[in-house]
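These notes concern the structure reproduced below.
The values are calculated or read from the model by the stated rules, or taken from the named source; none is laboratory data. Everything numeric in this text was worked out from a predicted model, so none of it was measured. Cβ atoms come from the backbone with ideal geometry, glycine included; neighbour counts cover every protein chain shown.
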Amino acid sequence: MPRFTIGRKLWLGYAFFIGMLLLIFAIAIAFNMLTRGATSDRERSENFVRAIASFRTNLLTTEDAQRGLVITGDDSYLATYREAIERVRDDLAELERLNSPAAQQPARLANVRDLLGLALAQSTRAVETRRNAGFEAARDVVRDQAAPQMTRLHNAIDELVTGERLFRTIEEARLASQTQTANRVLWGIIGCIVVIGALGAFFLQRTLTRRLGKLSRAAERFGQGELDQRVAMRGNDEISDLATSFNAMADTVQKQRRALEQRESQSRAIFNNAADGIMTVDGAGMVQEVNPSAAFAFGRDAAGMTGRKASGFFAETEDHLYVIVREQLADPGHRPREMTIRRPDGTTLPVEITMQRAVHDDGRPIVICIMRDVTERKRIDQLKNEFVSTVSHELRTPLTSINGSLELVLGNVTGEIPTEARTMLTIAQNNARRLVRLINDILDMEKIESGHIAFDFRQLDVGELARQAADANRGYAERYGVTVELVAGSATGKVYGDGDRLQQVLANLLSNAIKYSPAGAAVELALIEAGETIRFEVRDRGPGIPHEFQNRIFDKFAQADASDARQKGGTGLGLSIAKSIVERHGGTIGFTTSPAGTVFTFTLPALSAAITAPTAAEQLSTGPRVLICEDDADVATLLRMMLLQGGYEADVARTASQAKSMLERYSYAAMTLDLALPDQDGISLIREIRTRETGPPIPIVVVSITATERADELNGDVVGIVDWIQKPIDQPRLIESIRRATLGAERQPRILHVEDDLDILRVTSVVLRDIADMVSATSVTEAKALLLANRYDLVLLDITLRDGSGLELLPLLNGGTESTPVIIFSADEMPRDISRAVTAALVKSHTSNELLARTIETLIQRGSRIRTVQQELSA
Amino acid sequence: MSGRALKRILYVEDEIDIQTVMRMSLEKLGGFELLVCSNGHDAVAQAPGFTPDMILIDVMMPGMDGPATVAALRRMDMFAATPVVFITAKVQPQEVARLRELGAIDVISKPFDAMALPGYLQALWNSHVN
């Protein structure tokens, strides 16, 4: 069955209206035609009446002319008479043209025509008679014949006129009746349209408005949360379709809402019951939500924590927290970081914390922190450490006696021993040694895995590393009749690593290679540059590694088989330790093997060319200047390279006294400090710097092996320590710390004071320290160097200097796109032509300290305004 | 002190077996004059009469341990500058660092090489006095 949809209904409506309009149009046309016919007939009738009138007039004129002639006998009437007759005939022709064809009119006109003929004939006879027989005879003709004939003619004309009038009246009546009918029909049709239209609208209203209203009300209530709203809609059209869709949508939404509610309640349950503490923090670092476990860990009331700064609940400094948060958020898969909760009662709680970015319901970013109490783990760690330490002691003590005794006996200290006894004692000694190695390896393994091993990272020459390793293992190789060879043409370069630990790795690989080599074979050690890494290769000619053992080779206590282990005297931990050490250096270890031999390789990240050859980077760098205070040349170089790569310039002071003199002479945005300096302890150096400082405190980043332990010593009594960085140095953290330090420093305007009188320099630095960072130069040469290297917000210039005139510097200051404000501060009066090139001139003896400070303050502010405008213009 | 040879060594160790090994190593093999004490108190009591050139001492001992004994000896003026060598079975780096901080010129780990020890101590002494 075809659906009677709203669309079809509407189309039907349109079709009906169009049909009706066409009908009206047709009727109007018909009516129009009718009216037009009536009009032309009316015109004809009027013309006809007018023609009759003319006919009568001309007829009377013939009579008058005939009478005139008959009475007077004057022939002059004859012309008039004939003319009138012509006109009468013309009028008759006109009447015949215009005569109505209806009823007896044609017959009447024919009668008029016949009578006219007779009348004119009698009249003409009267005229003839007058001219031939005289008046008397003519008068008789007129009286007896012509006049009566004429009277009959007039009667006939009257009949014709009457007939025409009658016909007219009938026609008008018929027309009026037709118009009335047409009007009725039109009004009828219009009435029909109105009625049908009204009905249509009514039904449409019923179909659309009412049903749509129903749907709309349901949707509204649904939107307000009444999710069980459904619409029952009769019919089979678009609206019923819409209702069905609405119901389906409502079903889905309700189902999803239920699922969501279930999940939400699950999440809630997890949040509330998780053993781990969960805390959410907003973008401003404010606590948003705290679960009961977290509140318990913090020793606080959850409600009391929300809306407060999260950092306040931890023992770490804000700076330290900032680093942790950054690190955690930068890498979602980051290892948990250990932090310390500070409780209101003063106790602390170690927790492991992971952070994850998330988005709050309202779209704001938040950080979810999950914390695990690691007190127990730390306690167990402590126990394990003590246990391992104790066990190693307890095992080593008897081994000391055994080993020592055996060595002395075998060393013939107690006298010569028989060969058989020597054999037995050698076995005992070998096994005692093996036990010692085993204990050492186990301890190493434990230390590396627990992260307790302290790696002493330095720059190392890989060639040197390889030579040492080869030399150290030659003696061992000789026992197996094997040689150790360094492959010629090996790569050179530097790595950053712990020399002793890398020797341990190489010794392990070399001793393995030696053990498994056939006598007379060579073990080769090669260095290969591979992109940004250096690869160490140890090649032997041994039997290769059995296939089934290959994927366990780096596992602990892994050896091809137990008898082999005893035969070769290994502990089964060497490769596992080697792998751990290499990985701690950021490298990888692996091997390739065949029955013809095995190659073990490990890679270490090479110190890049930029780091070993700094000059290019150095020249490019124009960043803030950092003082590195570090006695170890290698570490100092490394720090310098790290800072250069980070966009800073750096100077190195190797001793505390050098650092102090450099700090006095130059301006630094920040300094890094090693606590173990040869001539002064770092902490006391910090204290001294602080007391001697004249300007704002220089931000200090402590970079030291003992950084974290000694942080407590200062106990917060020294401001301006930005960070404590443990060696080995983590470059991103170093750069981040320096960046934060120098951000603060850059806000102060920098003033260069060129002056050779040290007393004046001291005075200005004291006077101006609160408003600017002061840099001093005591000669033109020095000032030039500083001006070429750095930008200053203002230059205070003395004219008379040791090696020339301060005015020589003016071209440097006014050249380029931006000119630096200059104040001449000199004992001399200034030459007039110079005054245009400088901003202000003050004469030393006439200038009070306040005036100097005020002038500079004004200029700095104006300078910053000028710069702002320039930036806007160039933008 | 320069040029003086290493002759007299005070050795403090609670393990009798190790004492025996050490006697064998240092007296018989090295030819040093050795005073062996089994605990810190004996060492503190007997050291002034012996006037050792060097003190070789175990770290972990019952009662007064190695560092405590060294501290007690250091309080006597005559031992204020006597070189001390610790000998220990605990060789963790932080342990070694702690002992060096106490003024030890070296820390020898157990088990030691009894055959090489006399030569090693002699070398240590030479580099210390020069």
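Whenever a residue of the range A:394-415 is facing chain B (nearest Cβ under 7 Å), its partners that are surrounded by fewer than 18 Cβ atoms within 10 Å (Cβ to Cβ) and assigned to a helix (DSSP H, G or I), lying with C-beta atoms within less than 6 angstrom and at least six residues away or across chains, give the pairs A:Ser401/B:Asp17; A:Val413/B:Lys28.
Look at the range B:104-130: where a residue is within 22 Å of A:Asn412 (Cβ to Cβ), no partner that is buried (at least 17 other Cβ atoms within 10 Å of the Cβ) and of a type in the set (Phe, Trp, Tyr) sits 6+ places away or on another chain with Cβ atoms under 6 Å.
Criterion first (under 42 Å from the mean Cα position of the chain (by Cα), of a type in the set (Val, Ile, Thr) and modelled with pLDDT of 70 or more) does A:Thr778 satisfy it? No. Inspection of the range A:380-390 identifies at least one residue that is away from chain B (no Cβ under 14 Å) and either over 30 Å from B:Ile108 (Cβ atoms) or buried (at least 18 other Cβ atoms within 10 Å of the Cβ) (or both).
Test A:Gln503 against the criterion of being surrounded by fewer than 20 Cβ atoms within 10 Å (Cβ to Cβ) and at pLDDT 90 or above, and give yes or no.
Values: surrounded by fewer than 20 Cβ atoms within 10 Å (Cβ to Cβ): yes; at pLDDT 90 or above: yes.
Yes: the conditions hold for A:Gln503.
Determine which single condition A:Val462 fails, assuming it passes every other condition in (1) touching a helix residue (DSSP H, G or I) at 6+ places or on another chain (Cβ under 8 Å); (2) more than 23 Å from A:Thr593 (Cα to Cα); (3) buried (at least 16 other Cβ atoms within 10 Å of the Cβ). If we test A:Val462 against (1) touching a helix residue (DSSP H, G or I) at 6+ places or on another chain (Cβ under 8 Å); (2) more than 23 Å from A:Thr593 (Cα to Cα); (3) buried (at least 16 other Cβ atoms within 10 Å of the Cβ), just (1) comes out false. Scanning the range A:290-320 for residues that are in a strand (DSSP E or B) and in contact with a helix residue (DSSP H, G or I) (Cβ under 8 Å, 6 or more places away or on another chain), we see that the one that is modelled with the highest pLDDT is A:Val290. None of B:Met60, B:Met76, B:Met64 is within 11 Å of chain A (Cβ to nearest Cβ), free of Cβ contacts under 8 Å to residues at least 60 places away in the same chain and on the phi < 0 side of the Ramachandran plot except B:Met60.
Taking the criterion of being touching a strand residue (DSSP E or B) at 6+ places or on another chain (Cβ under 6 Å) and either aromatic (Phe, Trp, Tyr) or not in a helix (DSSP H, G or I) (or both), the residues of the range A:568-589 that qualify are A:His585, A:Gly586, A:Gly587, A:Thr588, A:Ile589.
Please list, ordered by residue number, the helices (runs of 4 or more DSSP H) wholly in the range A:646-739 having 2 or more residues that are at pLDDT 80 or above.
Because the criterion is at least 2 residues that are at pLDDT 80 or above, the helices (runs of 4 or more DSSP H) in the range A:646-739 that meet it are A:656-665, A:682-692.
Reported count of residues in the range B:4-56, each being of a type in the set (Gly, Ala, Ser), away from chain A (no Cβ under 14 Å) and closer than 12 Å to B:Gln122 by Cα, is 1.
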